[in-house]
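Scroll down for the structure; my scribbles are underneath it.
Laboratory data are not the source of any read-out in this text; all were calculated from the coordinates shown. Predicted model, so just to flag it, every value in this text is computed and none were measured. In this analysis, Cβ positions are derived from the backbone assuming ideal geometry, glycine residues included, and neighbour counts consider all displayed protein chains.
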There are 2 protein chains.
Amino acid sequence: MSNLPEVQQLKLEESVPTENGSTSVEEDVVDPWTVTSSSDAGIDYDKLIKRFGSSHIDASLIERLEKVAGKPVHHLIRRGIFFSHRDLHTLLNAVEAGKKFYLYTGRGPSSDSMHLGHLVPFIVTKWLQEAFNVPLVIQLTDDEKTLWKDLTVEQSMRMARENAKDIIAIGFDPEKTFIFSNLEFMGQCPQFYQNIIRIQKCVTFNQVKGIFGFGDSDVIGKIGFPAAQAAPAFSTTFPFIFGNDKLPVLIPCAIDQDPYFRMTRDVSPRLGFPKPALIHSSFFPALQGARTKMSASDTNSAVFLTDTEKQIKTKINKHAFSGGRPTLEEHRELGGNTDVDVSFQLLRFFLEDDAELERIRVQYSKGELLSGEMKKIAIETLQPIVAEHQRRRKNVTEEVLKLFLTPRKLNYEFTIASPDTGNGSSGDGKKKGKDKKAAKQK
Amino acid sequence: MSNLPEVQQLKLEESVPTENGSTSVEEDVVDPWTVTSSSDAGIDYDKLIKRFGSSHIDASLIERLEKVAGKPVHHLIRRGIFFSHRDLHTLLNAVEAGKKFYLYTGRGPSSDSMHLGHLVPFIVTKWLQEAFNVPLVIQLTDDEKTLWKDLTVEQSMRMARENAKDIIAIGFDPEKTFIFSNLEFMGQCPQFYQNIIRIQKCVTFNQVKGIFGFGDSDVIGKIGFPAAQAAPAFSTTFPFIFGNDKLPVLIPCAIDQDPYFRMTRDVSPRLGFPKPALIHSSFFPALQGARTKMSASDTNSAVFLTDTEKQIKTKINKHAFSGGRPTLEEHRELGGNTDVDVSFQLLRFFLEDDAELERIRVQYSKGELLSGEMKKIAIETLQPIVAEHQRRRKNVTEEVLKLFLTPRKLNYEFTIASPDTGNGSSGDGKKKGKDKKAAKQK
């Protein structure tokens, strides 16, 4: 790791040569609120890794991950959709030394219904949870959405609960998973606010200005919010799960969330915590093409988890940007471009069979497979996935929801130190376990 | 009320003529963190009222207050120690129309022991609570102290609990009084954080820069904190007491806290609440003189509630700034100056008998009473007050403390609407009362 602070302002515009040799202003904008690219192939992720100062997930890291996990990695990792990381080697060192960690991911609930792209970090998180048998905390930033969007506290909280049902439907184990909305959980656990204050004491306005681009006319809620997204990366935010243990954490997230965790990683050592490790996913393209990501606020840009079979068919047929040629003749002769073809990109995310995916790629590139046929494969791949999700979501009763949202002890077998007696609060979850190694991390 | 926003930056320096006719730069600094004056008589409060845009508590307002309260006002009000107000007439109109209100005051716990000056707002708050038979909420801003001082979360929380014991010892009725520390209560009541987010959505960095003088190098915790002090002025922060009622509030406080409530009063109408009414006290002078206020961080500047009889005697004899003349002869001939004599000022705050106080003032001004004698009277007045406080504080057991700090229904007989069902939290304290008038305020 470089010793330079990770919170330097990132310049996201630079002059670059285009493919045909001329020079244009390439403007990939990637921050927690905006993701846009001027290229049909989407964000230049190699450049982004350089700008953000993270590291590539390369073949040797994947090999190591498979060795430690004891099974092949998920295809979203294998295919490079999770492409970047911070300190994953350090985390794997700890795991190999017999130490445990926990997983933290989240979502900003800005709509009642989630779309396919929202599933991506959760799918890999679930794979990691099962591979390493570790606890998971999932944050719903309904406070953020109230502050940034034209949404009341009540609206954001309702969306958080609806989104939680979709997340539960992905199949997380209630024995190992705690889901929380900030606007609720803040009032259930004093340690959450206490950690926020500790973090907010370490970060100046100048720093959040540099990291997030905040200005003087921004509301003070936005300025303070990054600490609320940072706090779950500190295990003492969840005394009912971890007691006072200061555990390592791995955060799977889309790379636009990295600024929050660059800030977190700067604060961690000052509060006596290990820096969080991260793995970053690329963006799920909008149906209209990879210049933007799927957006819940633009119905036609996304396949929603509530869409019917017919809606999926219509949306993809009508809106999915094609990498095919203008005429049948040209397509047969020159072949299609899978790099920009949104239907093919959807298959990269959701078609599990590697051989089948490669067959489709080759056939399309050769012009043997037509755009309409590509769309049909995408439709037929997504329809059962969405239908199955809907079936599982129906089983998420209010009771199941309440279980996941209740602060409680998880099925987690490591030593948990007693919380400080001085704070007079939440004495839940104190437990002496068996594994003495974890205690040494403190 | 003026329609100008109350949040304009206040210029606290201006060039003024001195007593002897020359001109000097008079620098009264009054903000929540600093109170200093270049005059031995202390802050020029008339000028402060003009700068802050508040109103004098004049004879006719005191008369009205006595009429509505049905008894003589407390001597701290009668003697002009509470000298300024905002919207007290509006509040009294509401009371006369049969509506209820609640009281809100607080303290920043920066030391384990409180001093005499800290009692002042609480004494008047107690008088108001008894005169109007209304509920009272008392905030301990341990989060603020962590952010501003070299104190950990744990240290501030411990001080909050110690200070709560002193506040309870003043004699508040547990049936009508809720005391809370922010670092604890935030984790007990989701509505507190929800109101903070609502407030933080209404206030920009530019505004807090103007009101509090925050700068780019301030930590983000400071920038967001004013919302935590504003939130208790919104009755829905306490659903277990007020349900969803949006009740008027009266805030007794030292005038250095006014910036927080100017901000609050700007936000109130946007959130559908009445603007809080305020009454402001002047500052309790340091023993060394009225250029600064008593400070808990300077042991010799203050009489602490933990001081022994002997310590009080020594401190006043040694440190209390005297308005007497340099020699006995001069004093007998010209008389002493009660305006700057700290012992006399202490008597203004704590000697209840008006006739006796006036007798002392006249005798000292005439030179009949000597400085040593004045100090003796002050010592003998304060010793039993502090001893009585210590006796009462001994009776504040952990059990009593816990009672006051527990979010609970208070003995409050007005209609309380049901909290929103949408938020899924704290269903405590729902109660339908008898008085239908209060419901109309919503």
*Hull shadow area, averaged, segment B:29-288 [alpha-carbon convex hull, nm²]*: 13.8
*What's the angle, to the nearest 10 degrees (0 to 90), between helix A:59-69's Cα axis and the longest principal axis of chain A?*
50
*asked:* Apply the Karplus curve 6.51 cos²θ - 1.76 cosθ + 1.60, θ = phi - 60°, to the phi angles in segment B:211-225 and return the couplings in whole Hz, x for Gly and Pro.
replied: 6, 10, x, 5, x, 5, 8, 6, 6, 5, x, 4, 5, x, 4
*Among residues other than B:GLU63 whose Cβ falls under 13 Å from its Cβ, what is the net charge (Lys/Arg +1, Asp/Glu -1)?*
+2
*Where Lys and Arg each count +1 and Asp and Glu each count -1, what net charge lies around A:CYS202 among other residues with Cβ under 13 Å from its Cβ?*
+3
*Which angle from 0 to 90°, rounded to the nearest 10, does the C-alpha axis of helix A:309-319 make with the longest principal axis of chain A?*
60
*How fast does segment B:309-395 diffuse by Stokes-Einstein, in µm²/s, taking the Kirkwood radius from C-alpha pairs at 25 °C and 0.890 mPa s?*
184
*Considering only chain B, pick the residue with its Cβ nearest the axis of the rotation onto chain A, and state the distance in whole Å.*
B:GLY224, 2
*Measure nothing but the geometry: give the 0 to 90° angle between the long axis through the Cα atoms of A:190-200 and the longest principal axis through the Cα atoms of chain A, rounded to 10°.*
70
*For the protein assembly as shown, radius of gyration divided by Kirkwood radius, i.e. Rg to Rh on alpha-carbons*: 1.06
*Inter-copy separations for B:ARG270, label at 7 Å along Cα-Cβ, nm, ascending*: 2.9
_aspartates and glutamates whose Cα lies under 20 Å from that of B:LYS318, excluding same-chain neighbours fewer than 8 positions away_ = B:ASP40, B:ASP298, B:ASP307, B:GLU309, B:ASP339, B:ASP341, B:GLU373, B:GLU380
*Using the 7 Å Cα-to-Cβ label point, sort the distances from A:THR314 to its equivalents in the other copies shortest first and give them in nm to one decimal.*
8.8
*Quick one: Debye curve from the alpha-carbon atoms of chain B only, equal weights, vacuum; give me log10 I(q)/I(0) at q = 0.07 Å⁻¹ to two decimals.*
-0.35
*Can you pick out the pairs among A:LYS165/A:LYS275; A:LYS222/A:LYS409; A:LYS222/B:LYS50; A:LYS50/B:LYS209; A:LYS149/B:LYS222 whose Cα atoms lie more than 26 Å from each other?*
A:LYS165/A:LYS275; A:LYS222/A:LYS409; A:LYS222/B:LYS50; A:LYS50/B:LYS209
*asked:* Need one value for A:211-223: mean number of C-beta atoms belonging to other chains within 10 Å of its residues' C-beta atoms.
replied: 6
_Residue by residue through segment A:172-182, what is 3J(HN,Hα) from phi via Karplus (6.51 cos²θ - 1.76 cosθ + 1.60, θ = phi - 60°)? Round to whole Hz and write x for glycine and proline._
5, 7, x, 6, 10, 10, 10, 10, 9, 9, 4
_Inter-copy label distances at A:ASP31 (7 Å, Cα→Cβ; nm, one decimal)_ = 2.7
*For segment A:269-321 and segment B:266-310, what is the separation of their Cα centres, given in Å?*
54
